[in-house]
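> Before we start, here is the structure in question, set down as structure tokens.
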Amino acid sequence: MKKAFQILSLAMILSGYGISHAKASGDDPKKKPAKTVAADADNAGLKLPTGFGALVVAENIGRARHIVVNKQGDVYVKLTGRVNGKGITKLHDADGDGKADQITGFGQYGGTGITIKNGYLYASSDEEVFRYKLDDKENVIDTTKAEKIISGLINRRQHESKSIVLDNNGSIYVNIGAYSNSCQERDRQAGSLGRTPCPILDSAGGIWQFSADKGGQTYGDGVRYATGLRNVVGLDWNQQANQLFVMQHGRDDLHNIFPNLFTEKDNAELPAECMYALKKGDNAGWPYIYYDPFQNKKMQAPEYGGDGKKEGGKDAIDPVVAFPAHLAPNALLFYTGNMFPAKYKNGAFVAFHGSWNRAPLPQEGYYVVFVPFENGKPSGKWEIFANGFAGVDNITPRSALHRPTGLAQGPDGSLYVSDDQKGTIYRIVYNGK
């Protein structure tokens, strides 16, 4: 019996047991041991830094938007459109090989936002926010009982997705995207000037704050936390700074609307996609300004008298990071795990869905980047972390095989990425020394 026990113990060690999963904020030595997850032989088609690998957790599950991973390693995926009548998909890995072998669904609404906080799963449609009570393993107790905590959010069929995040003091933050490109009198029409003041800002174009624990709230119960943001799909709460960070989708069509002031190349390279650190009452300046990453200045928008040289937005906040134009940042995640090397701790990952309007330059994005942070502030240059999602050389939105959309951190510190083109969920792990 003793010899058999020794053989069994050795087999467990060799098979990878004893490497425990971790909480979303780091390692948890109290959890039961789990198998080591191996990357796919081709790293799921991704190009990653040395020491990293990737595997496909699931594919063809629908248009996967934002994702969250519970303490057991189950992945909850918000679908922008329902599959078999369900808008939330749960992926469960029963045998510990990293691949989902049990796929279930619930929630009769599409949308983008999903997160876990304080014993609840929160999820959004394009007009509402719901929550589901979780058990101690962070499984939804009753998928048929969704508590509607917010309703009546604006949906004008443009920038309609409602991304969500919670702070540590009982508030939930919801993006209300502007239903316009630049608040023109005639949207996206050549020569049309901007409306002054922009009436959209009264009800959209910013971040709204609600109670995370109160049911039956309506749009009017919210507080406009920050304004002047055209559309925010990626957002996260930075625990070090105890502050909300967001990624804005910058405006389009500078050349198309004002060809006498901006070239086609200007159109492709302006304005920056910006990361902002927000405090209550902040104004990021949309639609009156845009950010020029080459001049590192806030510029007056042409709809409001700008000419590509005139600065503006004295009362508007500056971005903390400026990325190339039109990359479409769809997710932001501050990494708090312990699997990845120390340089990644507390840094930001951003998923760029990819451009459609950088002609005559090649389309760009379709990758995940990393921004180092220290003490809650960016501390170095951003770099491409995971590339190859598009799978083709001449990328267009139609030719791209996959487009990064959501990010989540697993309990062991691995990074999950969703794709809304073919419904693939990736998992990135670190196996280096």
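The values are calculated or read from the model by the stated rules, or taken from the named source; none is laboratory data. Computed from a predicted structure; not experimentally measured. Because the Cβ atoms are built from the backbone with ideal geometry, glycine has one as well, and the counts that use them run over all protein chains shown.
> So which residues in the stretch 103-125 are more than 20 Å from Asp167 (Cβ to Cβ) and either among the hydroxyl-bearing types (Ser, Thr, Tyr) or crowded, with 20+ Cβ neighbours inside 10 Å (or both)?
Listed by number, the residues that qualify are Thr104, Gly107, Tyr109, Gly110, Gly111, Ser125.
> Can you name every residue in the stretch 264-307 that is charged (D, E, K, R) and farther than 25 Å from Ser192 by Cβ?
Within the stretch 264-307, the subset charged (D, E, K, R) is 264-266, 269, 273, 279-280, 282, 292, 297-298, 303, 307.
Residues satisfying the conditions are Lys279, Lys280, Asp282.
> Sticking with this one: Here are Asn256, Asn260: which of them is at pLDDT 95 or above and assigned to a helix (DSSP H, G or I)?
Every option except Asn256 fails the conditions.
> From the list Lys381, Lys343, which residue is basic (Lys, Arg), in contact with a strand residue (DSSP E or B) (Cβ under 9 Å, 6 or more places away or on another chain) and closer than 30 Å to Phe262 by Cα?
Lys381
> Keeping to the stretch 180-224, report how many residues are among the aromatic types (Phe, Trp, Tyr) and in contact with a Leu (Cβ under 7 Å, 6 or more places away or on another chain).
Residues meeting the conditions: 1.
> Tell me, yes or no, whether the stretch 201-220 has at least one residue that is buried (at least 23 other Cβ atoms within 10 Å of the Cβ), polar (S, T, N, Q), on the phi < 0 side of the Ramachandran plot and part of a loop (DSSP other than H, G, I, E, B).
No, the conditions are met nowhere in the stretch 201-220.
> Out of Gly413, Gly406, Gly380, report the one residue that is of a type in the set (Gly, Ala, Ser), buried (at least 23 other Cβ atoms within 10 Å of the Cβ) and either part of a strand (DSSP E or B) or without any contact (Cβ under 8 Å) to a residue 24 or more places away in the chain (or both). Lay out the reasoning, then the answer.
Values: Gly413 fails: either part of a strand (DSSP E or B) or without any contact (Cβ under 8 Å) to a residue 24 or more places away in the chain (or both); Gly380 fails: buried (at least 23 other Cβ atoms within 10 Å of the Cβ).
Testing whether each residue is of a type in the set (Gly, Ala, Ser), buried (at least 23 other Cβ atoms within 10 Å of the Cβ) and either part of a strand (DSSP E or B) or without any contact (Cβ under 8 Å) to a residue 24 or more places away in the chain (or both) leaves just Gly406.
> Within the group Ala284, Ala328, which residue is at pLDDT 95 or above, touching a Cys at 6+ places or on another chain (Cβ under 9 Å) and surrounded by 21 or more Cβ atoms within 10 Å (Cβ to Cβ)?
Selected residue: Ala284, the only one of Ala284, Ala328 that is at pLDDT 95 or above, touching a Cys at 6+ places or on another chain (Cβ under 9 Å) and surrounded by 21 or more Cβ atoms within 10 Å (Cβ to Cβ).
> Filter the stretch 119-140 for residues that are among the acidic types (Asp, Glu) and either touching a Leu at 6+ places or on another chain (Cβ under 9 Å) or closer than 13 Å to Tyr109 by Cα (or both) and give the result.
Asp126, Glu127, Glu128, Glu138
> Could you go through the stretch 347-354 and let me know if any residue there is more than 14 Å from the chain's Cα centre (by Cα) and either among the basic types (Lys, Arg) or buried (at least 24 other Cβ atoms within 10 Å of the Cβ) (or both).
No, the stretch 347-354 contains no residue that is more than 14 Å from the chain's Cα centre (by Cα) and either among the basic types (Lys, Arg) or buried (at least 24 other Cβ atoms within 10 Å of the Cβ) (or both).
> Could you identify the single residue in Ile164, Ile154, Ile172 that is farther than 30 Å from Lys377 by Cβ and surrounded by 16 or more Cβ atoms within 10 Å (Cβ to Cβ)?
Just one listed residue meets the conditions, Ile154.
> Based on what the data block shows, is Ser182 assigned to a loop (DSSP other than H, G, I, E, B), in contact with a Pro (Cβ under 7 Å, 6 or more places away or on another chain) and either of a type in the set (A, V, I, L, M, F, W, C) or buried (at least 20 other Cβ atoms within 10 Å of the Cβ) (or both)? Steps first, please.
Working: assigned to a loop (DSSP other than H, G, I, E, B): yes; in contact with a Pro (Cβ under 7 Å, 6 or more places away or on another chain): yes; either of a type in the set (A, V, I, L, M, F, W, C) or buried (at least 20 other Cβ atoms within 10 Å of the Cβ) (or both): yes.
Spelling it out, Ser182 is indeed assigned to a loop (DSSP other than H, G, I, E, B), in contact with a Pro (Cβ under 7 Å, 6 or more places away or on another chain) and either of a type in the set (A, V, I, L, M, F, W, C) or buried (at least 20 other Cβ atoms within 10 Å of the Cβ) (or both).
Conditions tested, residue by residue: (1) basic (Lys, Arg); (2) out of contact with any strand residue (DSSP E or B) (no Cβ under 8 Å at 6 or more places or on another chain).
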position	(1), (2)
Pro197	no, yes
Ile207	no, no
Val223	no, no
Val233	no, no
Asp253	no, yes
Asn260	no, yes
Glu269	no, yes
Lys279	yes, no
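> Determine which single condition Arg157 fails, assuming it passes every other condition in (1) basic (Lys, Arg); (2) closer than 30 Å to Ile257 by Cα; (3) part of a strand (DSSP E or B).
With respect to (1) basic (Lys, Arg); (2) closer than 30 Å to Ile257 by Cα; (3) part of a strand (DSSP E or B), Arg157 is out only on (3).
> Separate question: Exactly one condition in (1) crowded, with 19+ Cβ neighbours inside 10 Å; (2) out of contact with any helix residue (DSSP H, G or I) (no Cβ under 7 Å at 6 or more places or on another chain); (3) over 17 Å from Tyr173 (Cβ atoms) is false for Tyr276; which is it?
(3)
> Taking Arg398 as meeting all but one of (1) touching a residue at least 40 places away in the same chain (Cβ under 8 Å); (2) surrounded by fewer than 23 Cβ atoms within 10 Å (Cβ to Cβ); (3) assigned to a loop (DSSP other than H, G, I, E, B), write down the number of the exception.
(1)
> Of the residues that sit in the stretch 296-315 and are charged (D, E, K, R) and in contact (Cβ under 8 Å) with a residue 40 or more places away in the chain, which one is surrounded by the most Cβ atoms within 10 Å (Cβ to Cβ)? Lay out the reasoning, then the answer.
First pass over the stretch 296-315, keeping only residues charged (D, E, K, R): 297-298, 303, 307, 309-311, 314-315.
Imposing the further condition that a residue be in contact (Cβ under 8 Å) with a residue 40 or more places away in the chain reduces the set to 303, 307.
Details: Glu303: 23, Asp307: 12.
Within the stretch 296-315, the match that is surrounded by the most Cβ atoms within 10 Å (Cβ to Cβ) is Glu303.
> Another question, then. Determine which single condition Thr424 fails, assuming it passes every other condition in (1) touching a His at 6+ places or on another chain (Cβ under 9 Å); (2) among the β-branched types (Val, Ile, Thr); (3) surrounded by fewer than 18 Cβ atoms within 10 Å (Cβ to Cβ).
Result: Thr424 fails condition (3) only.
> Another question, if that's okay. Condition check: in contact with a helix residue (DSSP H, G or I) (Cβ under 9 Å, 6 or more places away or on another chain) and not aromatic (Phe, Trp, Tyr). Does Thr218 satisfy that?
no
> Taking Ala325 as the residue in question, decide whether it is on the phi < 0 side of the Ramachandran plot, aliphatic (A, V, I, L, M), under 22 Å from the mean Cα position of the chain (by Cα) and part of a loop (DSSP other than H, G, I, E, B).
yes
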